C-alpha cells in the first residue's frame with residue numbers, strides 16, 4: 001500500500017465516522033424534539049417561541065454531552 005492509498009483510506013474512514021456522528025446527532029435531535037412536544041401541554045406549546053425551544057434544546061444537548069464524557 002502506498003502512502004497515497006493509506007492517506008485516502010484514512011480520509012475515507014474519517015468521513016464515514018463524521019457521517020455516523022452527524023446521523024446520530026440528527027437522530028437524537030429528532031427524539032428530543034418529539035419528547036419536547038409530547039411533554040408540553042397544548043396551551044404551552046401554542047405560546048412557545050422558537051427562542052424558548054432552542055434554549056431548551058441547547059440545555060438538553062449540553063446535558064447529553066456531559067453525560068457522554
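Here, each number is a calculation from the coordinates, and none is a lab measurement. The model shown is predicted, which means the values in this text are computed figures rather than measured ones. Methodologically, a virtual Cβ is constructed for each residue, glycine included, from the backbone with ideal geometry; neighbour enumeration extends over all protein chains shown.
With the simple spin-label model, which puts each label point 7 Å out from Cα in the Cβ direction, the residue 49 to residue 29 separation comes to 2.2 nm. Across the alpha-carbon set of segment 1-42, the Rg to Rh ratio works out to 1.44, Rh being the Kirkwood radius. With R₀ set to 22 Å, the beta-carbon distance separating residue 13 from residue 68 gives a calculated FRET efficiency near 0.55.
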